[in-house]
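Each remark here refers to the structure printed beneath this line.
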């Protein structure tokens, strides 16, 4: 079942101790806009999956992050949200992972829920049962006529 959240209000994500991001709802429009980001459209064909994931996460975050707490400059002074700041923040591995898990993955999980015949958790055939007995011997090859 898909649970609709009709409240389109921004929410706060806690990504690390003392670090919170206020994000807009993850909508189709936001994802479509991120996919059209120039950084994504100009990727070379040989870009690794890992690099694509980081570039996509940054594109999504630049559109989604509305405010933040616990982000400062070298002197420890709070700084406002900026595209450059978001990119630098997501270059920090634990923050990237937390953003992917708490924000981006929700959309992917929802996408997986729409499939009524999802594979078993331990593999595509792990939950399958035999429907016919094993063949005693291979069948002979047909003669050409």
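Would you kindly state how much longer the chain becomes between residue 7 and residue 53 on full extension, computed as 0.36 nm times their sequence separation minus their alpha carbon distance, in nm to one decimal? Each step should come with its number before you reach the end.
Working: separation 46, 0.36 × 46 = 16.56 nm, distance 2.81 nm.
Here the segment from residue 7 to residue 53 would lengthen by 13.7 nm.
Counting other beta carbons within 10 Å of each Cβ, put 90, 30 in order, fewest first.
On the way: 90 21, 30 17.
So the residues, fewest neighbours to most, are 30, 90.
Residue 77 versus residue 39, label points 7 Å from Cα toward the beta carbon: distance in nm?
So the label points at residue 77 and residue 39 sit 2.6 nm apart.
May I ask you to sort 33, 48, 82 by Cβ crowding, counting other Cβ atoms within 10 Å and putting the fewest first? Numbers along the way, then the final one.
Values: 33 15, 48 8, 82 12.
Arranged by neighbour count, lowest to highest, 33, 48, 82 become 48, 82, 33.
Suppose the chain between residue 144 and residue 66 were pulled fully straight at 0.36 nm per residue; how much longer would it get relative to their current alpha carbon spacing? Write down the numbers at each step before the final one.
Details: separation 78, 0.36 × 78 = 28.08 nm, distance 7.15 nm.
Difference between extended and current length: 20.9 nm.
Values in this text are rule-based calculations from the coordinates and carry no lab data. Everything numeric here is computed off the predicted structure, so don't read it as measured data. Cβ atoms come from the backbone with ideal geometry, glycine included; neighbour counts cover every protein chain shown.
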